[in-house]
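Inspection log for the structure reproduced underneath, given as structure tokens.
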Amino acid sequence: MEPPRTALPNARAMRVIHLALTLGLTGCGVVFFIVHRTEEVPALVPASIGTALTVAAIGAIIVAVTVVRRRVPPQAPDQTPDMYWGGETVRLMALVLWAAVESGGLLAAVGYLLTGAAAPAIAFAIAVATLATLGPRRFEQGDS
């Protein structure tokens, strides 16, 4: 008989989710870069579309960092990481934060793929760096 499966501890589950989001966004960007460089894809849309996607991407990242990040409650001194990540509000707001940053990154990646311009590529790099720095440990240390 097989022993019952147990769920990942809360802190580890959040680390896995964050890592998956970060690696997924990075992988998307790498694939778009390779496709654009190896296939000699011409600009598929006007440069103004790339600019609009870049502005939307940066806007999503700014909203995530300035508005959503404040809503992630800090860890109480007497809480373990598993207790902290066990709270529904903490998990929900962290996931919303990460999803908002990732959406900005995806908008920028699509802007780069369609136009090949530098601005969406820079916005994409900002999104990846932001997502990577907003990991679970950042909130566990009370840095939010």
Subject >> Label zone at V35 (point 7 Å along Cα-to-Cβ), backbone N below 20 Å, region 78-121 >> reply: 102-121
**OP:** Determine the sum of side-chain charges near A94: Lys and Arg each +1, Asp and Glu each -1, restricted to other residues whose C-beta is under 10 angstrom from that of A94.
**Re:** +4
Original post:
Could you give the nm distance between label points at M83 and I62, where each point is 7 Å from its Cα heading toward the beta carbon?
Top reply: 3.9
**OP:** Multiply the residue gap between V96 and R137 by 0.36 nm, knock off their C-alpha separation, and tell me the result in nm, one decimal place.
**Re:** 13.1 nm
**OP:** Tell me the GluC sites (Glu not before Pro) within region 55-144 that lie in a loop according to DSSP and have at most 14 other beta-carbon atoms within 10 Å.
**Re:** none
**OP:** Note the angle between two axes, namely the Cα long axis of helix 118-133 and the longest principal axis of the Cα atoms of the chain, as a number of degrees from 0 to 90, rounded to the nearest 10.
**Re:** 10
Subject >> Cα-projected label distance for A13 with S48, points at 7 Å along beta-carbon direction, nm >> reply: 4.8
**OP:** Could you state the angle between the C-alpha long axis of helix 47-63 and the longest principal axis of the C-alpha atoms of the chain, as a value from 0 to 90 degrees rounded to the nearest 10?
**Re:** 20
**OP:** Wrap a convex hull around the Cα atoms of region 45-114, take a quarter of its surface area, and give that in square nanometres.
**Re:** 5.1
Subject >> Cα-Cα P(r), the chain, percent of pairs per 5 Å interval >> reply: 2, 11, 18, 18, 15, 11, 9, 7, 5, 3, 1, 0, 0
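Just so you know, all these numbers are worked out from the coordinates, no wet-lab data involved. Everything quoted here is computed from the prediction, not taken from an experiment. Here Cβ is always computed from backbone atoms with ideal geometry, including for glycine, and neighbour counts include all displayed protein chains.
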